[in-house]
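Below is one structure, written out as structure tokens, with a few remarks after it.
The values are calculated or read from the model by the stated rules, or taken from the named source; none is laboratory data. Being a predicted model, the structure only gives us computed values, none of them experimental. Neighbour counts run over all protein chains shown; Cβ positions are idealised from the backbone, glycine included. Side chains included, ligands, DNA and RNA excluded: accessible areas come from the protein's heavy atoms. Shrake-Rupley method; radii C 1.70, N 1.55, O 1.52, S 1.80 Å.
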Amino acid sequence: MFTIIKRRELNPTVTELCIHAPLIAKKAKAGQFIIVRAKEDSERIPLTIAGFDREAGTVSIIFQVVGAGTMQLNSLKEGEAVHDFVGPLGKATEIEGLKNVCVVGGGVGCAIALPIAQALHEQGTKVTGIVGFRNKDLVILEDEFRACCDEFIIMTDDGSYGEKGVVTAPLEKKIVEGANFDEVITIGPLIMMKFVVKTTKPHNVKTVVSMNPIMVDGTGMCGGCRLTVGGQTKFACVDGPDFDGFEVDFDEAMHRGTMYKPFEAHAREAECNLLKQEVQ
Amino acid sequence: MPNMDPKKCPMPSQEPNVRNKNFKEVALGYTEEMAVNEAKRCLQCKNHPCRSGCPVEIDIPGFIKHVAEGDFEAAYNVIAQSSALPAVCGRVCPQEHQCEGKCVRGIKGETVGIGRLERFVADWYRNNVHTKPTAPAPNGHKVAVIGAGPSGLTVAGDLAKLGYKVTVYEALHVAGGVLMYGIPEFRLPKDIVQHEVEGLKELGVDIETNMVIGKVLTIDELMNDYGFEAVYVASGAGLPRFMGIPGESLNGVYSANEYLTRVNLMKAYKEDSRTPIMKSKSVAVVGGGNVAMDAARCAKRLGAENVYIVYRRGMAELPARKEEVEHAEEEGIVFKTLTNPTEVLGDENGWVKGMTCVEMELGEPDASGRRRPIVKEGSEFVLNVDTMIMALGTSPNPLIRSTTPGLDADKHGCLITNGPDGLTSRPMVYAGGDAVTGAATVILAMGAGKEAARAIDAAIKAKEQ
Ligand SMILES: Cc1cc2nc3c(=O)[nH]c(=O)nc-3n(C[C@H](O)[C@H](O)[C@H](O)COP(=O)(O)OP(=O)(O)OC[C@H]3O[C@@H](n4cnc5c(N)ncnc54)[C@H](O)[C@@H]3O)c2cc1C
Ligand SMILES: Cc1cc2nc3c(=O)[nH]c(=O)nc-3n(C[C@H](O)[C@H](O)[C@H](O)COP(=O)(O)OP(=O)(O)OC[C@H]3O[C@@H](n4cnc5c(N)ncnc54)[C@H](O)[C@@H]3O)c2cc1C
Ligand code: SF4
Ligand code: SF4
Ligand code: FES
């Protein structure tokens with residue numbers, strides 16, 4: 001039984017669930033993910049491991065409600081259980097030997113960036129955190145980031161909190177000022193990661209991106225999660241999800257991510273109508 | 001007196017134009033009367049060549065004799081001595097190359113319908129005999145199985161019957177392997193597969209789903225920390241291959257595994273399913289095996305008007321089961337054989353709008369003994385499709401190999417075993433099925449499981465002494 005031990009709403013559309021899964025908690029490493037099915041008829045949804053407690057045997061996930069699957073997940077209460085929970089999947093982020101790293105997170109991607117920042121901090125790496133949100137109401141995990149970053153910058157699109165602007169502005173500034181990062185690790189919307197790479201590439205600062213293509217099994221069977229990296233076909237669930245940002249074909253990945261847009265919009269409507277009926 | 005009708009008793013089936021719109025089983029199965037009649041066509045040959053064509057050597061004349069006499073339970077017991085999954089194999093074995101390929105009745109007329117009779121017997125038993133198997137007295141030994149496909153399930157059943165405590169670890173959320181996520185409902189109803197799985201549980205087998213071995217637990221941990229004395233690896237064939245032609249990343253290009261997984265495992269064929277799948281108008285499936293036939297027939301059932309099988313050799317070379325090819329043709333699938341795609345074409349929004357193909361002709365035989373297709377000069381043409389499904393085979397999943405030190409694989413990534421008993425380069429670690437052979441058949445995967453179960457039992461008993 002994968003019981004929900006704790007549930008926390010981080011902002012109106014982002015929820016954290018802490019789930020009892022001792023075997024996964026024992027093995028989990030920063031950068032890996034799980035696949036969850038909320039109920040017996042739910043879709044398989046990949047979500048990054050946002051934290052784990054090996055002793056308590058728990059794994060946390062943080063997700064944004066975007067469609068039918070995440071809506072179902074969001075409907076579960078503390079004490080209830082998710083139907084399936086499988087992991088840890090994918091390769092862990094490689095952090096060994098890094099001395100000075102900039103972690104750049106965007107939106108709900110910050111939930112994925114946090115455990116990496118924490119792992120870096122624990123091994124003594126100097127961590128600069130740059131995170132971006134659309135506005136003040138959507139800011140998540142600020143205290144957690146402050147606790148593990150040597151320097152921390154929050155950006156909002158509308159300037160309602162932190163500094164106004166996008167994450168690439170302070171990143172560029174730091175690099176130009178001679179921050180001398182060994183590596184930049186970036187996680188967020190594809191478009192953001194694409195621009196982070198555009199920023200770092202001219203300065204030749206190695207950049208690792210965490211890709212989140214559409215997945216089905218997550219175990220290396222279906223081939224749905226394929227990406228083009230360095231001209232070759234790679235499977236994010238077994239070869240990734242981290243890849244060398246300079247090599248990833250972002251435009252293709254962005255396009256493939258839209259494959260089910262029409263279907264999803266429809267599902268969302270159906271779901272909302274259901275919700276309405278329940279209320280009436 | 002045997003029934004000398006030169007033709008097999010025909011299989012009652014759904015009408016092609018009805019069935020190509022639903023996912024219910026195509027072939028409906030023999031009635032008792034039909035089965036008895038068909039069984040009487042068997043000549044009970046003394047040297048029974050049919051048996052040598054069956055990879056697990058079922059006593060074919062033996063079980064057919066009981067069918068002819070109307071004793072279906074006795075017939076089942078004969079089959080059960082050699083096969084763990086008769087309801088499955090009777091439906092999906094490529095009989096024309098195996099048992100039936102050797103049947104003497106095939107010399108003048110049609111062979112005995114061995115597969116159909118096997119299916120009948122297994123279905124009859126499932127519907128009429130409800131004695132639950134009793135778990136035998138435990139012998140105190142523990143064995144772990146990785147993968148709940150036909151190979152893993154067979155090992156689990158055979159060892160459990162000998163008193164072993166068997167745990168099957170399965171990566172997906174249901175047991176059954178390809179039988180659940182690959183082969184569609186209309187060819188192999190899923191409740192048959194689940195019936196087999198339930199039978200194993202009654203024998204005391206533990207099936208743990210959602211467990212990706214190599215990630216959550218390694219083989220070394222299973223053996224050192226969990227006390228399993230032997231491990232059987234049956235993790236299947238793995239990742240789909242692509243052609244490497246331009247345009248394969250366009251939206252609307254699927255691997256057959258993804259397409260079939262969405263349709264079967266995630267039930268996209270049901271009206272109320274939450275799993276998205278493309279509503280295609282024209283579909284090209286590239287490849288000529290069972291996987292290609294299944295993908296094409298699913299696409300047709302999901303409402304596609306035109307479905308093409310694009311295959312680079314000829315009709316005679318199609319590797320799929322003969323019956324599936326015939327069924328596909330009846331259902332309106334168009335075969336473009338001696339055709340090979342060279343590029344996938346996209347529209348301005350990055351969706352598939354067609355593919356460029358070339359025609360092929362068959363040249364000299366290649367290493368596999370099949371005539372090698374070569375491109376016909378100037379034969380390029382465009383096939384207009386909005387969906388392309390690649391069914392070109394798979395290459396083994398690296399998860400187990402890369403997390404088990406000392407486990408040898410060949411250059412393709414298939415696990416190396418020392419022959420039929422399935423022992424790998426690691427002591428007490430056995431392997432079989434598609435993980436060893438590459439994509440093959442259900443009966444071979446099951447046969448490998450039977451051999452390995454015997455070998456594991458012998459090895460554990462030998463250690464005890
Ligand atoms: C390795 C990996 C790690 C991820 N980690 C997180 C995380 O920590 N937190 C989080 O909020 N989200 C994460 N995602 C994205 C998350 O899986 C999707 O938001 C979720 O599957 C959407 O499901 P849905 O049914 O609610 O929405 P849908 O209605 O199915 O889709 C809504 C949107 O999500 C995209 N999407 C749909 N299915 C997937 C999928 N399987 N993978 C990726 N995108 C998809 C669609 O293109 C669409 O834009 C991760 C994805 C991957 C592959
Ligand atoms: C679409 C399709 C149609 C086919 N049609 C036919 C047919 O008509 N006739 C025929 O004889 N054969 C057919 N085959 C081939 C046949 O299904 C396979 O040869 C057979 O299923 C192989 O059995 P297996 O037990 O070795 O592997 P699989 O059935 O592939 O099972 C392997 C299992 O292991 C699990 N697994 C993998 N890795 C791990 C891991 N690390 N940890 C835990 N579990 C893991 C997988 O999830 C899977 O459930 C078809 C195959 C496909 C794909
Ligand atoms: S198991 Fe397959 S090959 Fe053997 S007799 Fe049955 S159908 Fe024929
Ligand atoms: S070869 Fe054909 S006729 Fe002879 S025993 Fe076998 S099934 Fe019967
Ligand atoms: S999600 Fe199926 S292969 Fe990666």
**Item:** Count - residues of region A:222-238 that are under 19 Å from A:K206 (Cβ atoms) and facing chain B (nearest Cβ under 9 Å)
**Value:** 1
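Could you list, in sequence order, the residues of region B:69-99 that are in contact with a Cys (Cβ under 7 Å, 6 or more places away or on another chain) and either surrounded by fewer than 24 Cβ atoms within 10 Å (Cβ to Cβ) or within 20 Å of B:L28 (Cα to Cα) (or both)?
Once the filter is applied, which keeps residues that are in contact with a Cys (Cβ under 7 Å, 6 or more places away or on another chain) and either surrounded by fewer than 24 Cβ atoms within 10 Å (Cβ to Cβ) or within 20 Å of B:L28 (Cα to Cα) (or both), region B:69-99 yields only B:Q98.
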**Message:** Can you confirm whether A:E80 is within 30 Å of A:I175 (Cβ to Cβ), open to solvent by 10 Å² or more (accessible area, probe 1.4 Å) and of a type outside the set (A, V, I, L, M)?
**Reply:** no
**Request:** Answer with yes or no whether B:C93 is over 14 Å from the mean Cα position of the chain (by Cα) and within 11 Å of ligand 3 (Cβ to nearest atom).
**Result:** no
**Tally, over region B:210-254, of residues that are of a type in the set (D, E) and in contact (Cβ under 8 Å) with a residue 40 or more places away in the chain** = 3
**Request:** Could you pull out the residue among B:F63, B:F120 that is away from ligand 4 (no atom under 12 Å from the Cβ), modelled with pLDDT of 95 or more and over 26 Å from B:L318 (Cβ atoms)?
**Result:** B:F120
**Request:** Go over the candidates B:V385, B:V429, B:V375, B:V436 one by one and state the one that is surrounded by 20 or more Cβ atoms within 10 Å (Cβ to Cβ), β-branched (V, I, T) and away from ligand 2 (no atom under 16 Å from the Cβ).
**Result:** B:V385
**Asked** Can you find even one residue in region B:149-159 that is within 16 Å of ligand 2 (Cβ to nearest atom) and farther than 19 Å from B:D434 by Cβ?
**Response** yes
**Message:** When you check A:V65 against the structure, is it among the β-branched types (V, I, T) and either within 14 Å of chain B (Cβ to nearest Cβ) or crowded, with 24+ Cβ neighbours inside 10 Å (or both), yes or no?
**Reply:** no
**Asked** Within region B:116-131, is even one residue outside any helix (DSSP H, G or I) and open to solvent by less than 20 Å² (accessible area, probe 1.4 Å)?
**Response** no
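Which of the residues that make up region A:60-77 are polar (S, T, N, Q) and free of Cβ contacts under 8 Å to residues at least 40 places away in the same chain?
The first filter runs over region A:60-77 and keeps only residues polar (S, T, N, Q), leaving A:60, A:64, A:70, A:72, A:74-75.
Across region A:60-77, the qualifying residues are A:T70, A:Q72, A:S75.
Results for (1) of a type in the set (S, T, N, Q); (2) within 16 Å of ligand 2 (Cβ to nearest atom); (3) modelled with pLDDT of 85 or more; (4) under 24 Å from B:I389 (Cβ atoms), shown as yes or no for each residue.
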position	(1), (2), (3), (4)
A:V176	no, no, yes, no
A:M192	no, no, yes, no
A:V197	no, no, yes, no
A:V205	no, no, yes, no
A:C222	no, yes, yes, yes
A:A270	no, no, no, no
**Complete:** Within region A:90-108, the residues that are under 25 Å from A:P12 (Cβ atoms), crowded, with 24+ Cβ neighbours inside 10 Å and not aliphatic (A, V, I, L, M) are A:G105, A:G106
**Request:** Only helices (runs of 4 or more DSSP H) wholly contained in region B:347-465 count here; list those with 2 or more residues that are under 28 Å from B:A320 (Cα atoms) and more than 16 Å from ligand 5 (Cβ to nearest atom).
**Result:** B:434-437, B:442-464
**Request:** Answer yes or no: is there a residue in region B:33-44 that is open to solvent by less than 40 Å² (accessible area, probe 1.4 Å), more than 20 Å from B:K108 (Cα to Cα) and more than 16 Å from ligand 1 (Cβ to nearest atom).
**Result:** yes
**Complete:** The one condition A:F246 fails out of (1) in a loop (DSSP other than H, G, I, E, B); (2) within 16 Å of ligand 2 (Cβ to nearest atom) is (2)
**Asked** From the set of residues in region A:49-62 that are more than 7 Å from ligand 1 (Cβ to nearest atom) and of a type outside the set (G, A, S), which is surrounded by the most Cβ atoms within 10 Å (Cβ to Cβ)?
**Response** A:V59
**Prompt:** Within region A:104-121, is even one residue within 14 Å of chain B (Cβ to nearest Cβ) and on the phi < 0 side of the Ramachandran plot?
**Reply:** no
**Item:** Of all residues making up region A:234-263, the number that are surrounded by fewer than 17 Cβ atoms within 10 Å (Cβ to Cβ) and hydroxyl-bearing (S, T, Y)
**Value:** 1
**Item:** Any hit, region B:100-108, residues being more than 16 Å from ligand 5 (Cβ to nearest atom), away from chain A (no Cβ under 14 Å) and farther than 27 Å from B:E317 by Cβ
**Value:** no
**Request:** Would you be able to tell me the number of residues in region B:5-31 that are closer than 23 Å to B:G101 by Cα, surrounded by fewer than 12 Cβ atoms within 10 Å (Cβ to Cβ) and among the charged types (D, E, K, R)?
**Result:** 1
**Message:** Take residues that are within 11 Å of another protein chain (Cβ to nearest Cβ) and farther than 23 Å from B:L153 by Cα and tell me which of the strands (runs of 3 or more DSSP E) falling wholly in region B:205-309 contain 3 or more.
**Reply:** B:253-255
**Fill in**
Checked against (1) within 14 Å of ligand 3 (Cβ to nearest atom); (2) open to solvent by 20 Å² or more (accessible area, probe 1.4 Å); (3) assigned to a loop (DSSP other than H, G, I, E, B), B:I58 satisfies every condition except (2)
